[in-house]
Each structure stands twice: as structure tokens, then as C-alpha cells.
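The values are calculated or read from the model by the stated rules, or taken from the named source; none is laboratory data. The shown structure was predicted, so the numbers you read here are calculated from the model rather than taken from an experiment. Heads up, the Cβs are rebuilt from the backbone with ideal geometry, glycines too, and the neighbour counts pull from every protein chain shown.
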Amino acid sequence: MSAPLDGPSAPLKKSNPTLIVLAVIGGLAATCCIGMAVLIAVLGPVFRLARAGEQSARCVGNLRRIGSAISLYAADNDERLPNADQWMDQVERFGGGTRQFQCPAVRSFDRGGYGYAFNKALSGKSKSEIDPKTQLVFDSSLLLRNANSGAESMPVPGRHIRGRLRVDHAVLEDGSSFAVTK
């Protein structure tokens, strides 16, 4: 037999495993959130550059398709280029539809922004009258359908990012494309 203890005996405290589990999960969640924030901060600029490069490539593709559509239009119209005031309307049936006339870097698609202009100096001219290295269609700050102007309407700084440069794109009468650095 055991002897009784002197004084009142204190009841044993039971630990609450739910609180411990919640504290551990909370600590892991906080660590995850901090890790994700750091990851987003580091990779954000990389993703923005990749998106800008993709938009630039799509813009060049659009301009090449537009140049081809204009060549097809000219072939059907005694080698004459479209009228500058209606160039999109006249060549759209020879290309891939309205979307090709919308520069991917222009953020106003839902408001009808296009972003390309036809060289107004070439309006209705015969292809034989034009230097093949003449800019035919190019990035433009004019966002309206059938925009036409000279190269002065090209956005400054350029609309697209190529490496560390801001550039605009253009397609020449001969079908080649190039980037214009401003």
C-alpha cells in the first residue's frame, strides 16, 4: 500500500493536439505564401518579357499576312494597291480575317483598336511604280480601321520589346518585314 501524499493533488493538464496541428499548418502556410511571393517577384519580369516577345512575333506574323493579302489584292486588280482610305476593307477577303489587322500589343481590342496603318503614299499605285523596299504597312499610333499615314504615325517609343530595345514593326512592299528602332 502506498502512503497518501500530503496536500491537495493537482489534476494533470491535457495538451490540445488540435491547437498544435493548427499552429504547424499555419506556420507552413505562412512559409508557402512568403515563398510564392518571392517566386512571383523573381519570375514576374521574366514572364512579362516572354509575353512581350510572343506579342512581337505575332505582330510580325500579322504584318506578313497583311503583306501577302495586299499582294493577292494587287494581283486581282491590275497590280494596283488598295486605296488608303479602304485598304483593310479591300484586302480582308484575301487574308485571315479581322484579327490579323489587330496588333497584339494594342490593348483596346474590345474597343475596336487595330494598330496598323497603310502607307498613304502608295494609295492606288501600281506595284511597278514602287521601290520594293518601301514600307507598306506598319505599327501605328492610329488605332482606327483603315488607318493610313506616313511613318510619322509609328509609336514612339516603339510598341514592342526586342531584347532591351523598343521597336515597331513594318512590312515592305516586297513582303519582307523588319523592326524599326526609335
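Restricting the first member to segment 80-92 and to residues that are without any contact (Cβ under 8 Å) to a residue 60 or more places away in the chain and part of a loop (DSSP other than H, G, I, E, B), and the second to residues that are surrounded by fewer than 15 Cβ atoms within 10 Å (Cβ to Cβ) and not aromatic (Phe, Trp, Tyr), the beta-carbon pairs closer than 9 Å and six or more apart or on different chains are Leu81/Gly124; Leu81/Ser126; Pro82/Asp89; Pro82/Gly124; Asn83/Gly124. Candidates Ser56, Ser68: the one that is in contact with a Gly (Cβ under 8 Å, 6 or more places away or on another chain) and at pLDDT 70 or above is Ser68.
Residues in segment 118-149 that are out of contact with any strand residue (DSSP E or B) (no Cβ under 7 Å at 6 or more places or on another chain) and more than 21 Å from Ser71 (Cβ to Cβ): Ser141, Leu143, Leu144.
When restricted to residues that are in a helix (DSSP H, G or I) and surrounded by 14 or more Cβ atoms within 10 Å (Cβ to Cβ), segment 93-107 contains 3. Filter segment 77-92 for residues that are over 29 Å from the mean Cα position of the chain (by Cα) and of a type in the set (Asp, Glu); which is surrounded by the fewest Cβ atoms within 10 Å (Cβ to Cβ)? Among those that are over 29 Å from the mean Cα position of the chain (by Cα) and of a type in the set (Asp, Glu), it is Asp78.
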